[in-house]
Structure formats: C-alpha cells, structure tokens
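For reference, the structure discussed in these notes is given below.
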There are 2 protein chains.
Amino acid sequence: MPQARTNKAAEPNGDAGKPVDRRVQRTREGLHHALFDLILEKRYDKITVQDIIDRANVGRSTFYAHFLDKEDLLENLLRQLGEQLHDETVRTTPPADDHIVHSLTFFVHAHANRDFYRAMLSGGGGDLLLDTGRKHFTEALRQHLDQRVEEGAVLKIPTPVVAQYLAGAMMSVLTWWLAQDMPYPPEEIDDMYQALALPSIEALT
Amino acid sequence: MPQARTNKAAEPNGDAGKPVDRRVQRTREGLHHALFDLILEKRYDKITVQDIIDRANVGRSTFYAHFLDKEDLLENLLRQLGEQLHDETVRTTPPADDHIVHSLTFFVHAHANRDFYRAMLSGGGGDLLLDTGRKHFTEALRQHLDQRVEEGAVLKIPTPVVAQYLAGAMMSVLTWWLAQDMPYPPEEIDDMYQALALPSIEALT
DNA sequence: TTCCTGTCGAACACTTTGTTCGGTTTTGTG
DNA sequence: CACAAAACCGAACAAAGTGTTCGACAGGAA
C-alpha cells in the first residue's frame, strides 16, 4: 500500500524529493477530480465512497489505502485549493497595499470557483471550507497586526480577538454573497467589507 | 402515531390551544433531554438514534413518529434553547440601550451553557447552532438598522451586508472565546466586540 | 528482465437507518 | 367507571454504507 493507515497528507512531509510513483499520482488526482465533480452534482453529505471510486474508476481497497475516509479526501482537496489560492495571492498582490489584507483575492477566488464554493457551503461540508478559509485569513491578519504592534502601536484589544473578529466577518459576508448569487462584483463587495473593517482597525490604537 | 412524516415543529402551529397529550410531551422532553445529555458526553456526529432512544427509554418507532431523524430532533432542541434565550433577552434588556444590540445576552447565555455550546461546536453539529444564532442576531440587527434608515439616515452600505458582517463577526468571536475556555468574563469580551463593531456602524452614515 | 509496489475486486462482518405491524398501555372524555 | 382513541412498544426487516482482508495481477523503476 502507498501509505497505510495515516493521513499522510497531514504529515509535514519532509519532502526529501522522492519522485512518487506515477500510479499514486494518478489515483490521487483521479480521486480528487472525482470528488470535485461529484460535489458539483450532489450534496457533499450524500456522496458515498462508492460514488467516488466509481467515478474515479478506482478499487475500493485502493481508496482506503490512500485516505482514511471521505472527509480525509476532502481535507486534502481543500488543502490543494488553498495552496492554489495562496500562490495566486502572492503573485497578484503588489508589495504595498492600502488595504488591511488581501481580502479581495478571496472574493475573486470564490467568484472564479463559485459553483464549487456554493455547492460546498450548502451541501453540509461547509464547516471545513469555512474553517480552512478562516484560518488562512486569521493568520494573515495576525501577522499584519503584530507588525503594527512592533512598530510601537498599542492596541486596546488583543490581536487574536481582532483577527478572529475580522476573519469571521469576512467569511460571513462571503457566504452571504455567494448564497445571494453574487449581487455585486467581487471588487464591490470587497469595498464594502473594507469599508466596514477599516474603521474598527483605526479605532484600535 | 402523534404526527407522521412531517417536521411538525417547523409548522407555524396555529396554537388553537389543544392541550397536547401528556404522553407526547413526555417522550418529546425525554428525547430532548437524552440528546442534550449525550451531546455533553460524546461528539454529536457519533451519536446514533439508538443511543438516543436507549437513553430516553423510548421505542424506535416512537422516535420516528416524532422526528424525521437525529438532525430534526436537534433542530427542535435548538429552537427551544433559542426561545429560552429570546425570553431572557426580553426580560433582561432594559428598553433603552447604548449598545447596538443585545450582544451581551449571547455571551452570557453561552457562558451559562458553556458545556453544551462547546460540545456542540466541536462535535460536528456546529453549523446548525451557529446558523441559528446568526439568524437571530442578523434579524435583530436588521431591525435596528432599518429603524435608523427610517429616521432619515442614509447608509453607504446595504443593511443586509452590514447585518451579515456584524453577525458573522459576533459568532466568530463567540466561537473563539469558547474554544479558548473563555479567558475573559462575558462582559469583557462583549466590550471588545462592541468596541470593534461600533466604529463600523458610525462610519456608515 | 526482475523485483517491488500499487491496484483490483470480491467477499465479509458490522453498523446504522428508516419502516412496518400486531399487540399493549395510557389518556382524555362522557 | 368505562371505553374508544391515540400513543407507545419492540421485534423484525430491507437497504445502504463502512472499513478490512487477501490472493491475483499489472505497471513502473532500475
């Protein structure tokens, strides 16, 4: 078996440059694709392992040789999408920025993958997606805020609270925006978010 | 059967004052209690219908005569807790208030029922609880904002967006606070929330 | 080629779900 | 009290899904 009973994707993976058997790559990608496609077709929580392996044309035992269960596979898939988004952010965002944080990238990414996001959020697997997103965002925010503190600013409110507050607000607006079929373009909804967020931050010092 | 295949609790229930059979009341309460207790003991998503009816000492068929499934029961339970909270809010909150909205009551309620909240949020059923909470909060906010608009204020940002933003931030902070074992008393965390929320609102006009 | 490692797929034991139905008990009411 | 209606019991069931095992096989690396 590729790797038996552990969520190996969770491991830091020391890299070590092992090229990874092609067969492994294929089945992984196949399963990722299968799940992704299926999510666009039916509620996530109604998707069964059988559905996935049928679609991916993969043996049952093979599935369990790679992932612990359906959710493990989803986590993996989300991690991948997350990295994709992260790269995009780095590439797109210019070094200096008058915004607090790259929130626009989130909206753009969500807009680009709107079908997936929506299916995810209304299909019962929303927790994971939102948690992942919130973590990314919180982390970025905390960095930004800590930097300010180092520059001598004194904040009235602990940074974790602020980060959590803003990240939660972000995900909430994002969710709503998607659920309403995106009544505004990404730039516009982001402007609103920024308009709401900035006053709070300025009032902090 | 009491009522066959519909989530009757979802019905507006025109009341009509039918006293409701004692047996029905008992089994309902029993099931509510059972689920509540079980949630304090094990992850919600690991709880089975069998667990519930064993604990409540109720026949299998009886369960399905009252609720569609485990989730339906949970929704019911949450609705009840929600009403409890609502009553508390009405009773506690003085008519005039310098705060935007009764956010403190949320924190107090969460603090009082901290075990349940925490178990819920980390047990896989968090979606429902947060959704319910967010809806309550959003609704209250929207009323508040609409009132302002009627008084002649012009808002730069549509009220639904603002309500969603603030409600999401609220639930996020609440979640974090609970996950961290409530490092501050309810009043203090609420002050922080208000301190973050008020500037946004004032910047709206 | 030669090994090694993944993959196949059928079979299996197990858990959970939701329904059915005849028989029993409890309520509300006259 | 008595009696009909309503609710409950519980065993049995079909159906679906889960996760594991194992011998046979095939594709890839060296």
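The values are calculated or read from the model by the stated rules, or taken from the named source; none is laboratory data. Nothing here was measured: the structure is a model prediction, and the numbers come from that model. FYI the Cβ positions are ideal-geometry reconstructions off the backbone, even for glycines, and counts take in every protein chain you see. Side chains included, ligands, DNA and RNA excluded: accessible areas come from the protein's heavy atoms. Shrake-Rupley method; radii C 1.70, N 1.55, O 1.52, S 1.80 Å.
What to note about this one:
- Condition check for residue A:116: open to solvent by less than 50 Å² (accessible area, probe 1.4 Å) and either within 14 Å of chain B (Cβ to nearest Cβ) or over 22 Å from residue A:51 (Cα atoms) (or both): no
- The one condition from (1) surrounded by 17 or more Cβ atoms within 10 Å (Cβ to Cβ); (2) small (Gly, Ala, Ser); (3) more than 7 Å from chain A (Cβ to nearest Cβ) that residue B:200 does not meet is (3).
- Segment B:52-69 residues that are under 9 Å from residue B:34 (Cα atoms), paired with ones that are near DNA strand D (Cβ under 8 Å from one of its atoms) (beta carbon under 9 Å, 6 or more apart): B:52/B:58; B:52/B:63; B:53/B:59; B:53/B:60; B:53/B:62; B:53/B:63; B:56/B:27; B:56/B:63
- Checked against (1) touching a residue at least 40 places away in the same chain (Cβ under 8 Å); (2) closer than 18 Å to residue B:166 by Cβ, residue B:78 passes all but condition (2).
- Of the residues making up segment B:52-69, those that are more than 8 Å from DNA strand C (Cβ to nearest atom) and part of a helix (DSSP H, G or I) number 7.
- Within segment A:29-40, being in contact (Cβ under 8 Å) with a residue 40 or more places away in the chain and either out of contact with any His (no Cβ under 9 Å at 6 or more places or on another chain) or surrounded by fewer than 18 Cβ atoms within 10 Å (Cβ to Cβ) (or both) holds for A:32, A:35, A:36, A:39, A:40.
- Per the listing A:166, A:141, the residue uniquely at the interface with another protein chain (Cβ under 8 Å from one of its Cβ atoms) and either closer than 22 Å to residue A:201 by Cβ or crowded, with 20+ Cβ neighbours inside 10 Å (or both) is A:166.
- Which listed residue is part of a helix (DSSP H, G or I), away from DNA strand C (no atom under 14 Å from the Cβ), away from chain B (no Cβ under 14 Å) and within 30 Å of residue A:191 (Cβ to Cβ), from A:35, A:77, A:85: A:85
- Check on residue A:146, more than 14 Å from chain B (Cβ to nearest Cβ), under 21 Å from residue B:177 (Cβ atoms) and either charged (D, E, K, R) or within 14 Å of the chain's Cα centre (by Cα) (or both): yes
- Of the residues examined, residue B:104 is not one that is within 16 Å of DNA strand C (Cβ to nearest atom), at negative phi and buried (at least 20 other Cβ atoms within 10 Å of the Cβ).
- Residue check, residue A:193 of a type in the set (Phe, Trp, Tyr), facing chain B (nearest Cβ under 10 Å) and open to solvent by less than 10 Å² (accessible area, probe 1.4 Å): yes
- Assessment of segment A:119-130 against the conditions (among the hydroxyl-bearing types (Ser, Thr, Tyr) and under 13 Å from the mean Cα position of the chain (by Cα)) yields no matching residue.
- Remark: residue A:20 falls outside the filter, which requires a residue to be aliphatic (A, V, I, L, M), closer than 21 Å to residue A:127 by Cα and near DNA strand D (Cβ under 9 Å from one of its atoms).
- Contacts under 7 angstrom Cβ, first residue in segment A:126-137 being away from every other protein chain (no Cβ under 12 Å), partner surrounded by fewer than 19 Cβ atoms within 10 Å (Cβ to Cβ), 6 or more apart: A:132/A:78; A:132/A:82; A:136/A:82
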